[in-house]
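Comments concern the structure below.
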Amino acid sequence: MVSYASALVTGASSGIGRSLAWRLAAQGADLTVVARRGELLEELAEDVRKRFRVRVEVLAADLTVAEELSTVAERLADPERPVELLVNNAGAGSRPPRPLVDQPLEYEEGKVALNVLAPLRLTHAALSAMVPRRHGGILNVSSIAGFLPQPQGATYAATKAFLTSLTETVHCEARGHGVHVTVLCPGFVRRGAAAPVGGTRSVRLPEFVWLDREEVAREALEAVAAGKPVCVPGAGYRAVLAASRILPRSLSRRGFERLWAR
Ligand SMILES: NC(=O)c1ccc[n+]([C@@H]2O[C@H](COP(=O)([O-])OP(=O)(O)OC[C@H]3O[C@@H](n4cnc5c(N)ncnc54)[C@H](OP(=O)(O)O)[C@@H]3O)[C@@H](O)[C@H]2O)c1
């Protein structure tokens, strides 16, 4: 089992990222927390410091703005304050879900900036610092959408397919250098009160499909500790994924067309 004394978590102001940050602090890791809403990060930092007596640094940044992304990359490169685990969690879904032709192009490009370019840049920065130290971990938060077609969420699914593929490949490249790289691919996760309105929270789906974000965070950090390449939380989702790999692609496509038409 690998453990990390410090972690930088993007998208820590709400949802899965907040749960991951909290659990890492509970394991004794000093944190650097990143998101746009600095006030929510300050609240989290105060709670975490009191509860777990770890150091917490707040870095308010919009990862789609080049200079602000550079600040986060520079933080990862700082040899004086090494970050042992990078968690690329910040991401944007399809709000509201719509066919690509009906989405404003700038909105779709923003998703590519946040879900693809930012984790790519930060993964590169983290690897550049971790490989010479021969110690480190990276957890990239992707989605099960990266494996399957997602009508009304085309760009989202494509960005997550990129992130899953990138991460699985980098896992193979980095393993021999003492750096463990994991991709987390959850299904539908309840997003919590601080999450922006829309996206998966507004999709009408049966109760059983929803994952609890604490459970997702727990499974993710177990996979990180075990140095696993891919983590798909929830036995139901693992079964769906296995079935989708056996079934003809045309059948999976039709199934997902029906699901998203609900
Ligand atoms: N919820 C699901 O069903 C689900 C399923 C599969 C995968 N995921 C993935 O899980 C990750 C977390 O999602 P979530 O469901 O927990 O959503 P969430 O509650 O909306 O959290 C998203 C986080 O990303 C941050 N963020 C958004 N835009 C940002 C930007 N431009 N710069 C910096 N930070 C930004 C948000 O903070 P600020 O608004 O303060 O910036 C927030 O902390 C995402 O990558 C998502 O794709 C979610």
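Read-outs: derived from the displayed coordinates by stated rules, not from any lab. Please read these numbers as outputs of a predicted model, since none were measured by experiment. In this analysis, Cβ positions are derived from the backbone assuming ideal geometry, glycine residues included, and neighbour counts consider all displayed protein chains.
Taking other Cβ atoms within 10 Å as a rough exposure proxy, L120, L205, L24 sort from fewest to most as L205, L120, L24. Sites listed here are trypsin sites (Lys or Arg not before Pro) in the stretch 114-151 whose DSSP assignment is loop and whose Cβ has at most 12 other Cβ atoms within 10 Å: R134.
Of the trypsin sites (Lys or Arg not before Pro) found in the stretch 52-106, the ones in coil according to DSSP and having at most 16 other Cβ atoms within 10 Å of their Cβ are R53, R55. A dipole drawn for the stretch 121-262 from +1 and -1 charges on Cβ atoms has a positive end, and of V141, P151, V224 the residue lying farthest that way is P151. Cross-link partners for K160 among the lysines, with Cα-Cα distance under 22 Å and sequence neighbours closer than 8 places in the same chain left out: K111, K228.
Each Lys and Arg adds +1 at its Cβ and each Asp and Glu adds -1 at its Cβ; summed about the Cα centre, the chain shows a dipole of about 920 debye. Its Cα centre serving as origin, the stretch 102-239 has a Cβ charge dipole (Lys and Arg +1, Asp and Glu -1) of approximately 320 debye. For the chain, adding -39500 (n - 2.57) for each run of n ≥ 4 DSSP H residues and dividing by the number of residues yields -15000 deg cm²/dmol at 222 nm.
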